[in-house]
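These notes concern the structure reproduced below.
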Amino acid sequence: MIVDATCTPADIAYPTDLSLLNEAREKSEEMIDAMHAPFVGIRQKPRTYRQKARKLYLVVAKQKKPGYKKIRKAIGQQLRYLRRNLRSIDRMIEEGLLTYLSKRLYRLLLVVKELYRQQLWMYENRTHSIADRIVSLYQPHVRPMVRGKAKSPVEFGAKISISLVNGFSFVERIGWDAYNESCDLIEQIERYRKRFGFYPTSGHVDKIYRTRENRRYCKAKGIRLSGPPLGRPSEEAELLKEQKKLQRQDEIDRIAVEGKFGQGKRRFSLARVMTKLAQTSEVSIRISFIVMNLEKILTGILSFLLFVWRWLLARLRPNDRRDDNSILADLTAAA
């Protein structure tokens with residue numbers, strides 16, 4: 001049983017505080033326009049200063065490497081414009097104009113208010129982290145995942161844990177919040193027993209899974225956990241050589257799960273999940289792994305048929321002088 005976790009990035013632009021606030025401000029202006037539409041020419045629309053706010057945003061956004069002070073100043077400006085718009089929206093809601101908002105705009109209004117609260121708190125406390133941080137207005141369930149990889153230290157999407165058995169992958173967990181995957185190992189082993197009726201003989205995992213609790217559990221169940229044992233290395237040269245050889249083989253066996261992630265991200269759209277809702281994204285991820293399992297089954301069937309064809313071809317060739325194409329056509333028709 002091979003276990004590992006990865007992140008499936010969502011289809012969102014790389015979020016920055018300034019770009020998120022600018023987008024939220026533009027959506028708040030759209031909400032004001034929608035609620036004021038029935039009263040055009042009857043009463044004055046609340047001021048939004050959208051042209052001035054857009055101009056101030058572009059002054060910083062178009063710079064290649066703006067400094068910290070310029071970015072902070074621009075964030076403060078966008079926060080104040082957004083606060084003015086939200087106050088105008090609240091006054092219009094008190095007047096009973098909320099019914100003129102569509103479901104999409106009403107949902108965005110809730111997200112924009114929460115985004116404003118988070119950004120204001122981070123701006124006042126001079127920090128860039130907050131619990132349940134929103135990084136996309138249209139996908140507020142997406143959270144930043146700090147992976148520590150050289151190519152992308154932070155990814156934005158769902159974190160998934162899978163187990164790989166004989167080349168077949170099982171999605172064990174999909175989470176939109178960052179979590180420690182080592183806490184799921186015991187549950188994944190119990191699911192293995194429910195699927196197959198027995199415990200695995202060995203578990204091939206990354207270093208993060210080799211906690212003392214997981215080691216005790218695997219020892220109690222008779223499961224060999226990959227990796228070096230705790231304590232000092234053995235002083236016996238022969239035993240130490242065998243342990244290193246076994247550890248090397250465990251690492252080679254664990255490569256299969258990394259290949260499965262690469263296959264899913266290169267060929268089965270896991271590198272960028274295009275669905276927008278949390279539920280549809282989870283379904284899309286699970287379908288990708290189902291298709292990968294079906295492809296493995298199909299590959300096995302085709303390999304078996306090819307083996308049978310070659311075997312029959314070798315048996316028929318001494319007595320049959322026809323060419324390979326005609327024999328293959330007869331075998332295909334019989335199949």
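The values are calculated or read from the model by the stated rules, or taken from the named source; none is laboratory data. Since this is a predicted model, take the numbers as computed values, not measurements. Virtual Cβ from ideal backbone geometry, glycine too; neighbours counted across all protein chains shown.
Every residue, every condition in (1) modelled with pLDDT of 95 or more; (2) aromatic (Phe, Trp, Tyr); (3) over 30 Å from Thr280 (Cβ atoms); (4) assigned to a loop (DSSP other than H, G, I, E, B), yes or no:
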| residue | (1), (2), (3), (4) |
| --- | --- |
| Asp4 | no, no, no, no |
| Ile12 | no, no, no, yes |
| Glu23 | yes, no, no, no |
| Arg47 | no, no, yes, yes |
| Gln63 | no, no, yes, yes |
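For Asp33, are the conditions met, namely being in contact with a His (Cβ under 9 Å, 6 or more places away or on another chain), more than 30 Å from Leu185 (Cβ to Cβ) and outside the structural domain of Val257 (by TED's automatic domain parsing)?
Spelling it out, it is not the case that Asp33 is in contact with a His (Cβ under 9 Å, 6 or more places away or on another chain), more than 30 Å from Leu185 (Cβ to Cβ) and outside the structural domain of Val257 (by TED's automatic domain parsing).
Just to confirm my filter: which strands (runs of 3 or more DSSP E) fall fully inside segment 127-207 and include at least 3 residues that are surrounded by 15 or more Cβ atoms within 10 Å (Cβ to Cβ) and not assigned by TED's automatic domain parsing to the domain that holds Phe261?
Ranges flagged: none.
If you take the residues in segment 208-219 that are of a type outside the set (Phe, Trp, Tyr) and assigned to a helix (DSSP H, G or I), which one is surrounded by the fewest Cβ atoms within 10 Å (Cβ to Cβ)?
The selected residue is Arg212.
Restricting to segment 39-54, what's the tally of residues that are surrounded by fewer than 10 Cβ atoms within 10 Å (Cβ to Cβ) and not small (Gly, Ala, Ser)?
So the count comes out to 5.
Determine whether segment 96-110 contains at least one residue that is free of Cβ contacts under 8 Å to residues at least 40 places away in the same chain, part of a helix (DSSP H, G or I) and among the aliphatic types (A, V, I, L, M).
Looking only at segment 96-110, we keep the residues that are free of Cβ contacts under 8 Å to residues at least 40 places away in the same chain, and these are 96, 99, 103-104, 106-107, 110.
From the residues that got through so far, the ones that are part of a helix (DSSP H, G or I) too are 99, 103-104, 106-107, 110.
Narrowing further to those that are among the aliphatic types (A, V, I, L, M): 110.
Checked segment 96-110: at least one residue is free of Cβ contacts under 8 Å to residues at least 40 places away in the same chain, part of a helix (DSSP H, G or I) and among the aliphatic types (A, V, I, L, M).
Of (1) part of a helix (DSSP H, G or I); (2) under 15 Å from the mean Cα position of the chain (by Cα), Ser269 satisfies all except one. Which?
(1)
Which of the residues that make up segment 144-195 are of a type in the set (Phe, Trp, Tyr) and touching a residue at least 24 places away in the same chain (Cβ under 8 Å)?
Answer for segment 144-195, where residues must be of a type in the set (Phe, Trp, Tyr) and touching a residue at least 24 places away in the same chain (Cβ under 8 Å): Phe156, Phe168, Phe170, Trp176, Tyr192.
Yes or no, residue by residue, for (1) out of contact with any helix residue (DSSP H, G or I) (no Cβ under 7 Å at 6 or more places or on another chain); (2) loosely packed, with under 10 Cβ neighbours inside 10 Å:
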| position | (1), (2) |
| --- | --- |
| Leu56 | no, no |
| Val60 | no, no |
| Lys70 | no, no |
| Arg84 | yes, no |
| Asp90 | yes, no |
| Glu94 | yes, yes |
| Leu109 | no, no |
